[in-house]
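Structure, as structure tokens:
No lab work stands behind these numbers, since they all come straight from the coordinates. Quantities reported herein were computed from a predicted structural model and do not represent experimental measurements. Cβ placement follows ideal geometry from the backbone for every residue including glycine, while neighbour counts extend to all protein chains displayed.
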Amino acid sequence: MTTTTDQRDPRTTGLKAWVRYFLDRPLTSYHLVRGVSALLLALGLLMVLSASSVQAFYDTGSSYTVFFRQAIWVLVALPLAWLASRLPIGVIRRSAGLALLLTVGLLVLTYTPLGVDVAGNRNWISFGGPFRIQPSELAKLTLVVWLAAHYSRQSRRFDRWRHLLWPMVPIAALVSGLVVGQHDLGTALVLFAIVLGMVWTVGAPARLFVGSALAVGGLALFLVSLSSNRVDRLTNFVNPFADYEDTGWQAAHGFFALANGGWWGVGLGASTQKWEGKLPAAHNDFIFAIIGEELGLFGALVVIVLFAVLAYAGLRIATRTRDRFARYAAAGITVWLSSQAIINIGMVLGLLPVIGVPLPLVSYGGSSLLPTLVALGLLTSLAKTEPGAAAAWRAHHKQGIAARWGLARPRRGR
């Protein structure tokens, strides 16, 4: 008797067929976003604890102070991310204008007595005690959502440049200008990347996109030239040892951390560069250097691969969905998180100047973590607009409820 292999069962046809089967499933993007986000968040909490333990002990007498603060922000952000994943897309689209108005109001407050200077940037608002927020981080999310809502409502074709640039340019210039006025060039560069990514996504002509990119690049260089410290960082990032005792200190010790890590790292918690005075912002902007030191090249590559998978999932949503708002919002979120990760990792590796941009989900900071998790919650909601995804999610959800309450029907034997 001859048996035939069921070609529809991926378990009988090898790894390649299983991968193809997994990628063809309607909820693949949804599960990729959730899974990668959870892994990066867990790794971030672990590395914040390790990277901040020495400095926290010196400052507060406890090695867990910074970690507990980050954990509290996670507990606050997760319910908001869940809410963003459950809100109807129409509600999010209609509230984009109000969210942008509130964000601009918060940015303006940084120029009032409520504004607080941190490391030369007046980009924080203090409401008394330890509670402070950084509105420029929220501006990334609101700008993405507003641009997606604006472009999705356009009934005209995008074959004329004024339909693409009005009123996007004045709104983006207002938000970016308020951020630049805070001396936060790193966040401004991420906002510029979001705008360029959205213009490309809606199908701008090549000459308009290239012209916009050149204009943004020229503006960035002009802003750099206004600060001698920025000029020094820009000219010394290739060889930070040329000014080791000053502008090159942070980048040089980032190199020391990566070199010390080798292939497999010195072990979790065993970093030497996190000790006081060696690597500034070890648990924040330069946490990738601590990952490279403690987990080695292997751990650093894992982080890069996770961000690459997240970018793939976001672009998959943007290319597969038929909803215009979902397409633009998914592309904007992907450009935002990917460009920020590239800038952060690039400055740690010495490929880009040190401009103070956190690594999404991994670096310490509630003002960055909260909008990032909300954006990823929104991305899981957008994933349900892919063909067949909504029906598959409802079926999966109902099956899960039935299993939890013992209502699932037993499977019949063959």
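Taking the Cα centre of region 25-384 as origin and assigning +1 to Lys and Arg Cβ atoms and -1 to Asp and Glu Cβ atoms, the resulting dipole is close to 2060 debye. Most tightly packed first, judged by the mean number of other beta-carbon atoms within 10 Å of their residues, the peptides 279-286, 365-372, 327-334, 104-111 read 327-334, 279-286, 365-372, 104-111.
Taking only the alpha-carbon atoms of region 25-384, what semi-axes of the equivalent ellipsoid follow from 5 times the gyration tensor eigenvalues under a square root, in whole Å, largest first?
In descending order the semi-axes read 32, 23, 20 Å.
In order along region 284-300, phi translates into HN-Hα couplings of 10, 5, 10, 5, 5, 5, 5, 4, x, 6, 7, 10, x, 4, 4, x, 4 Hz, rounded to whole numbers, per the Karplus curve 6.51 cos²θ - 1.76 cosθ + 1.60 with θ = phi - 60° and x for Gly and Pro.
Remark: region 245-251, residue by residue, has Karplus-estimated 3J(HN,Hα) of 7, 10, 5, x, 4, 5, 5 Hz, where x stands for each Gly or Pro and the curve is 6.51 cos²θ - 1.76 cosθ + 1.60 at θ = phi - 60°.
When only Cα pairs below 8 angstrom with a gap of at least 6 residues are kept, region 286-374 shows a relative contact order of 25 percent. Protection proxy ranking, highest mean first, for peptides 298-308, 143-153: 143-153, 298-308, where packing is the per-residue count of other beta-carbon atoms within 10 Å, averaged.
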